[in-house]
Structures are given as C-alpha cells and as structure tokens.
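Shown next, in structure tokens, is the structure this report addresses.
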Amino acid sequence: METTPSSSGAKPVSARRGRSWIVLGVLGVGIFLVHGPGADVLRDYEGTKSAKLAWFVLAWIGAGLWLWYGRRFHREDELEILMNRRALAFAFYAALVVVAVLHQLQYVGLIPVLALRTEHLFPALMGLMAIGLVLSKIRYR
C-alpha cells in the first residue's frame, strides 16, 4: 500500500514567485513598447541605419530575455504542450484556408484585390491562435 507525503511538509511559495510575475510583466510591456510604438517611431526616424539596427537588436535581445526568464520561471506540463500544439495547428490551417478562400474570391472577381500587410496579418494570426487555444482548452477541460 502506497502512502503519500502530507502537505504539511511542503515548502511555502516564496515571495520571489510574485516578484517573478512582476518582472515578467514589466519585460513583456517593455518589449511591446519596443516592438510596437517604438517601431512606428523608427519608421519615420531620419537617423542613421546603425541606430535603427541597434534598436532592432535591442528589441530581439529583450524578447530573448523575456522568453529565457519565462522558461526558467514556468515549466509547461504535457497537457499544456499538447494544447499549445493543437492551437498552433488550428491557427496555421485556419490561416491557410482563409488565404486560399480570399485568393479564390479575388480570382473570381467577387471581392477586390486586397493588399494584405503585416498590420493585418499579425492580428489575424494572433486571433486564430487565441481561438485555437480556447478550442483546445474546451476539449481538455
């Protein structure tokens, strides 16, 4: 007969975990500001290319630090990995179908030719990824 250890011997959650969430959130907001509004400012910036390249490198170093710090702090279990993979698969195939349908509707002449830019594609892909996450969470709830 197996016995399970009592929960009274478990270590309490430290205050560092709360600070980790704060650091992760601040890094995330900083990266958003560098990639979003900061990139808009650089588009109209009349400075040197080396300054623009430095901003680009800074943005991706920040994103790398955010991912590294987040992976140190949060480990996914197998169910979360499966849910994320299913959400990514849904987003990929849904985007593929949407692009194919738009192309065919343009070819037939039912809709005008659309100039899809990254300002349109990124929010669409993020929305499809969110829908995929919701669907996979409903499936495994």
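Every number in this text was worked out from the coordinates using simple rules, so none of it is lab data. This is a predicted model, so every value here is computed, not measured. Cβ placement follows ideal geometry from the backbone for every residue including glycine, while neighbour counts extend to all protein chains displayed.
The stretch 24-55 to the stretch 102-126: how many Å between their Cα centroids?
27 Å
Would you mind ranking 80, 46, 119 so that the residue whose beta carbon has the fewest other beta carbons within 10 Å leads the list?
46, 119, 80
Taking the Cβ of each residue in 126, 83 as the centre, tally the other Cβ atoms inside 10 Å and list the residues starting with the fewest. Numbers along the way, then the final one.
Details: 126 11, 83 19.
In order of increasing Cβ crowding within 10 Å: 126, 83.
Report the FRET efficiency, 1/(1 + (r/R0)^6), for residue 52 and residue 124, where r is their Cβ-Cβ distance and R0 is 35 Å, rounded to 0.05. Show your work: numbers first, answer last.
Details: r = 27 Å, r/R0 = 0.76.
Step by step, r from the Cβ atoms, then E = 0.85.
Among residues other than residue 52 whose Cβ falls under 14 Å from its Cβ, what is the net charge (Lys/Arg +1, Asp/Glu -1)? Working shown, then result.
On the way: positive: 43, 49; negative: 40, 44, 46.
Charge balance in the 14 Å sphere: -1.
How would you classify the stretch 20-141 from its alpha-carbon gyration tensor, with a ≥ b ≥ c the square roots of the eigenvalues: rounded for a/c under 1.5, else prolate if a/b is greater than b/c, otherwise oblate?
Oblate, since a/c reaches 1.5 and b/c is not below a/b.
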